[in-house]
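Notes follow the structure.
The values are calculated or read from the model by the stated rules, or taken from the named source; none is laboratory data. As the structure is a computational prediction, the values presented were derived from the model and not from experiment. We place every Cβ from the backbone using ideal geometry, glycine too, and count neighbours over all the protein chains shown.
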Amino acid sequence: MNSSKGVLLVIGSGLKLYREYLVRSAAGRARQAGLELVLINNLKPTWQLDYFDEITVINVFDHELLAATAREVAARRTVVGVLCWDEPLVMPAAELAAEFGVPGLSIPGVHGCRDKLSARSRLTAGKVLQPDFEMAANAGQARAAASRIGYPVVVKPRALGASMGVVLAADEAALDEAFRVASDASQVGDEPYRGGALVEEYAVGPEISVDAAVHKGEYLPMFVARKRTGQHPFFEEVGHVVDANDPLLGNALLMDTLARAHQVLEIENGITHAEVRLTDRGPLIIEINGRLGGDLIPFLGKTATGIDPGVVLVDISIGHRPDTTATRRGVAGIRFGYPEHDCVVRSIRVPDVAPGLVIAAPMVEPGTTLHLPPGGYIARHSFVVCQADDAQTCSERLDAASAMVVVDAEPVAPPPPGTRLEMPAGLLDVDE
């Protein structure tokens with residue numbers, strides 16, 4: 001395709017169920033700016049054809065091939081911005097933005113987002129409240145680290161998303177297995193970060209996430225999500241609620257801490273998803289991700305506040321300061337359906353109508369095997385999204401809608417310990 005228009009280079013579209021609403025908004029904003037969208041994707045496009053002007057299909061997880069393909073696009077088109085919202089691809093996307101001289105997280109910034117050890121070390125040095133931590137290469141080092149830090153401890157891979165391989169070890173008896181689970185899970189991540197695990201002090205308190213834009217280093221919060229977790233001692237995220245009137249948006253200590261953390265990590269331009277524990281000592285940064293939140297949190301944010309993350313991302317990517325002013329004052333939440341045990345799904349039926357229901361959908365096809373942690377992660381069969389005028393009503397509506405989901409499934413045995421994990425589909429740029 002020959003065109004004199006500038007283009008936004010998109011690295012991975014993501015799943016239709018999770019990301020089409022973002023692509024739709026981004027495409028509309030790009031058109032308004034007189035730009036075209038070029039996608040480098042992992043599989044043959046289907047729904048993406050409605051939004052992109054050019055699509056190249058390669059193995060995007062081969063980072064050398066991805067870089068070569070992006071350079072070929074840049075040789076014949078004027079790339080004015082690079083967009084990415086898939087966790088496994090934020091590193092090469094940031095590197096390409098730096099190479100092309102367009103706004104991006106920055107190389108130090110993306111390392112602070114992708115590499116939890118780098119983030120912990122730099123934030124601690126910058127005097128941003130952090131848990132005590134230590135990187136362990138083997139179970140013996142993990143035991144020594146946990147003994148020094150004090151139980152309970154959290155053991156996690158160095159560079160994975162969606163709480164994969166993150167385990168709470170309450171005492172020494174649980175530590176070895178927790179280390180094995182975290183280290184094994186790390187093997188599905190980027191090669192430099194495979195093996196070993198971080199051992200961290202367990203931070204007590206509610207967990208939240210904050211999605212924000214960063215423009216030339218300026219931190220611009222958009223919305224707060226209150227997180228609900230399950231599958232103890234693991235940290236599976238089973239739901240989120242976004243309230244446009246959440247008082248945490250006006251909490252100076254929290255927002256100053258987040259702004260300071262972004263400065264320390266040298267994050268320059270982009271949208272970030274920060275996870276925070278609200279402790280007695282103050283807000284403690286769990287991690288900062290160099291992308292929009294997953295789990296449809298940006299959709300909840302748009303529904304509750306009117307702030308459109310797809311529009312904001314395009315503005316940031318072309319160097320414009322975005323408008324992050326809320327235009328609505330509602331509440332939106334999501335609840336994910338998990339099986340009670342490992343199973344093969346036969347069928348799923350979700351409600352069409354329920355109080356406050358925005359959308360409900362199955363997340364897997366019949367015949368899909370779901371493994372709960374530690375044999376698998378993000379073992380979700382469905383979700384429901386509801387909205388309301390207040391958080392309590394939204395929670396009640398989520399309970400009611402979730403109770404209307406009907407799943408027929410056959411129990412199966414969990415995989416043997418040490419079985420290599422497969423990256424969950426929700427984290428990858430695939431539609432199969």
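Kindly provide the set of residues from the range 340-369 that are on the phi > 0 side of the Ramachandran plot and at pLDDT below 95, ordered by number. Residue satisfying the conditions is 367 alone. Considered as a group, the residues in the range 223-270 that are part of a helix (DSSP H, G or I) and of a type in the set (S, T, N, Q) include one that is surrounded by the fewest Cβ atoms within 10 Å (Cβ to Cβ), and that residue is 263.
All told, residue 272 meets the bar of being closer than 30 Å to residue 380 by Cα, among the hydroxyl-bearing types (Ser, Thr, Tyr) and within 14 Å of the chain's Cα centre (by Cα). Given the condition more than 28 Å from residue 190 (Cα to Cα) and at pLDDT 95 or above, answer yes or no: does some residue in the range 78-89 qualify? The answer is yes, given that some residue of the range 78-89 is more than 28 Å from residue 190 (Cα to Cα) and at pLDDT 95 or above. Annotation: residue 394 fulfils all but one of (1) modelled with pLDDT of 95 or more; (2) of a type in the set (A, V, I, L, M, F, W, C); (3) in a loop (DSSP other than H, G, I, E, B); the unmet one is (3). One residue stands out in the range 375-387 among those that are among the hydrophobic types (A, V, I, L, M, F, W, C) and assigned to a loop (DSSP other than H, G, I, E, B): the one that is modelled with the lowest pLDDT, namely 378.
Scanning the range 14-29 for residues that are basic (Lys, Arg) and more than 14 Å from the chain's Cα centre (by Cα) gives 16, 24, 29. Scan the range 354-374 for residues that are of a type in the set (S, T, N, Q) and either assigned to a strand (DSSP E or B) or surrounded by fewer than 17 Cβ atoms within 10 Å (Cβ to Cβ) (or both) and report the count. Going through the range 354-374 one residue at a time, the tally reaches 1. Inspection of the range 144-154 finds no residue satisfying the criterion of being among the polar types (S, T, N, Q) and either free of Cβ contacts under 8 Å to residues at least 12 places away in the same chain or within 28 Å of residue 86 (Cβ to Cβ) (or both). Output the qualifying pairs, or none if there are none: Cβ atoms under 7 angstrom, residues six or more apart or on different chains, first residue in the range 379-396 and outside the structural domain of residue 299 (by TED's automatic domain parsing), second residue basic (Lys, Arg) and crowded, with 20+ Cβ neighbours inside 10 Å. Note: pairs meeting the criteria are 383/335; 384/335; 386/397; 388/397.
Residues that are over 23 Å from the mean Cα position of the chain (by Cα) and crowded, with 20+ Cβ neighbours inside 10 Å number at least 3 in the following helices (runs of 4 or more DSSP H) confined to the range 71-164: 139-149. Each residue in the range 165-194 was checked for being more than 24 Å from the chain's Cα centre (by Cα) and either in a loop (DSSP other than H, G, I, E, B) or at pLDDT below 85 (or both), and 2 pass. The condition of being surrounded by fewer than 24 Cβ atoms within 10 Å (Cβ to Cβ), in contact with an Asp or Glu (Cβ under 8 Å, 6 or more places away or on another chain) and not in a helix (DSSP H, G or I) holds for residue 287. Here residue 11 qualifies as within 19 Å of the chain's Cα centre (by Cα) and surrounded by 22 or more Cβ atoms within 10 Å (Cβ to Cβ).
Going by what's in this entry, would residue 119 be described as in contact (Cβ under 8 Å) with a residue 24 or more places away in the chain and under 16 Å from residue 276 (Cβ atoms)? In short, yes. Of the residues making up the range 290-331, those that are over 24 Å from residue 392 (Cα atoms) and outside any loop (DSSP other than H, G, I, E, B) number 9. Taken together, the criteria place residue 431 among residues that are over 30 Å from residue 183 (Cβ atoms) and at pLDDT below 95. Residue 409 fulfils the conditions (1) modelled with pLDDT under 95; (2) not in a helix (DSSP H, G or I) except for a single criterion, (1).
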